[in-house]
1. List the residue pairs whose Cβ atoms are under 8 Å apart, where the first residue sits in segment 41-54 and is within 21 Å of Ala65 (Cβ to Cβ), the second is of a type in the set (Phe, Trp, Tyr) and surrounded by 15 or more Cβ atoms within 10 Å (Cβ to Cβ), and the two are 6 or more positions apart or on different chains.
2. For segment 160-174: of the residues being more than 20 Å from Cys128 (Cα to Cα) and within 15 Å of the ligand (Cβ to nearest atom), which is surrounded by the fewest Cβ atoms within 10 Å (Cβ to Cβ)?
3. Of the conditions (1) surrounded by 14 or more Cβ atoms within 10 Å (Cβ to Cβ); (2) closer than 22 Å to Ala323 by Cα; (3) modelled with pLDDT under 95, Ala30 satisfies every one except a single condition; which number is it?
4. Output the residues belonging to segment 303-318 that are under 20 Å from Gly184 (Cα atoms) and buried (at least 21 other Cβ atoms within 10 Å of the Cβ).
5. For segment 288-349, please list each of the helices (runs of 4 or more DSSP H) lying entirely inside it that holds at least 1 residues being under 20 Å from the mean Cα position of the chain (by Cα).
6. So Thr93 clears everything in (1) within 13 Å of the ligand (Cβ to nearest atom); (2) open to solvent by 30 Å² or more (accessible area, probe 1.4 Å) except one condition, right? Which one?
7. Within the bounds of segment 212-220, is there any residue that is hydroxyl-bearing (Ser, Thr, Tyr), surrounded by fewer than 16 Cβ atoms within 10 Å (Cβ to Cβ), at pLDDT 95 or above and not assigned by TED's automatic domain parsing to the domain that holds Gly335?
8. Using the structure shown, decide if Ala183 is open to solvent by 40 Å² or more (accessible area, probe 1.4 Å), among the hydrophobic types (A, V, I, L, M, F, W, C) and within 13 Å of the ligand (Cβ to nearest atom).
Amino acid sequence: MKTSFVVVCMLAVAFRLAAAVVVPAAAPYALKVGYYNSKCGNSSVESIVNETVTAYLDADNSKGAALLRLFFHDCFVRGCDASILLDKSDVITSPEKAAGANIGIAGLDVIDAIKAKLEAACPGVVSCADIVVFAGRDATRYMSKGNVYFDVPAGRKDGLVSSSAEADSTLPDSKADVAELVAGFTAKGFTPEELVILSGAHSIGKAHCSSFKDRLTAPSSEINASYRDDVLNKICASAAKANPTAANNIRDIDAATLGSQLQGYVVPAGGGGDLDNSYYKNNKNNVVLFHSDWALVAQSSTLKHVNEYAANGTLWNSDFTSALVKLSQLAMPAGSLGQVRMSCRAIND
Ligand code: HEM
């Protein structure tokens, strides 16, 4: 064997061992802004993520909403540990992505593409958990036209556990009332005001009819009757597709479907799917998709924040930014083991 070949083999073995190392993921891994600076040769990890996200969103901006939701659903369940990315396997028998609450979860192709580029640039260095957070942050920036942007601390490890039952019992239910929503968010360290702030993410994206079917027959005191009957019921009665989807924001429902039928509310001019405070304006007029959205105007304690953000988009941009930074810092349960996965879809051998 040539010496250079021996060296290559030794490096390969060392790398496999390093990648397989499983470490306690909590305290010793304090998160840091710029964590990957000079950890990936001459490549900038955050630039690779941003360029990939931008290319995907330029081609199809529905991926922006998908990546923001992926960020929320990953971090809310077991902390930001990429547990949502794991596929079914011998050890992960019913992963988070199989949960009912994760219906419509998407953007996984974008994460795979980013991971492939980063593995090519610096194998075994960048965790999938950090990729989900960076990609969610960059998608948010893109969808808000730069109004929501933040430096994100990094250095997370990828978890080894993923359970659909845990996702279903932790993620909020679209049929929930304020008390249930507040309890779920309080358990993760968020205030009722932050619940209202984070719910503004529903100014973008879409939902399956099964996620808001209770709203198709909800009383007119809870939903604009014309929105319910002329828009949502029509979309959901479409025979073209099983369980069709509707845009979360009436602004983004196509003009042909909307026609001139909506009574009782002037639909704001199309904003090209922007992430902004329009959710709060719609909500004050009972023109939102989920019961959990409407529930925020049904209680004075949350209504006051809906009013505040409907009136002040700049304030919402800034408070949404802070809430996402907080979301990005949710940690794995104490004592959890972590690693840097080689594939985001499977734990290392
Ligand atoms: C407050 C409690 C929440 C409930 C009950 C809820 C529920 C849902 C449901 C049922 C869907 C539609 C899924 C489908 O049918 O395909 C959805 C979509 C979405 N949610 Fe939430 N959500 C909540 C909070 C959040 C938060 C905090 C964020 C982000 C910070 C978020 C971001 C999104 C986005 C962006 C979409 C659209 C996804 C896409 O178009 O791919 N949601 N949500």
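The values are calculated or read from the model by the stated rules, or taken from the named source; none is laboratory data. Just so it is clear, the model here is predicted, and its values are computed rather than measured. Cβ placement follows ideal geometry from the backbone for every residue including glycine, while neighbour counts extend to all protein chains displayed. Please note that ligands, DNA and RNA were not included when accessible areas were found on the heavy atoms of the full protein model with its side chains. Shrake-Rupley method; radii C 1.70, N 1.55, O 1.52, S 1.80 Å.
1. These pairs meet every condition: Val49/Phe134; Asn50/Phe134; Val53/Tyr142; Thr54/Tyr142.
2. Out of the qualifying residues, it is Ser169.
3. (1)
4. The answer is His305, Val306.
5. 291-294, 313-328
6. (1)
7. Filtering segment 212-220 down to residues hydroxyl-bearing (Ser, Thr, Tyr) leaves 217, 220.
Checking which are surrounded by fewer than 16 Cβ atoms within 10 Å (Cβ to Cβ) leaves us with 217, 220.
Still in the running and at pLDDT 95 or above: 217, 220.
Now restrict to residues that are not assigned by TED's automatic domain parsing to the domain that holds Gly335: 217, 220.
Yes, segment 212-220 contains a residue that is hydroxyl-bearing (Ser, Thr, Tyr), surrounded by fewer than 16 Cβ atoms within 10 Å (Cβ to Cβ), at pLDDT 95 or above and not assigned by TED's automatic domain parsing to the domain that holds Gly335.
8. In short, yes.
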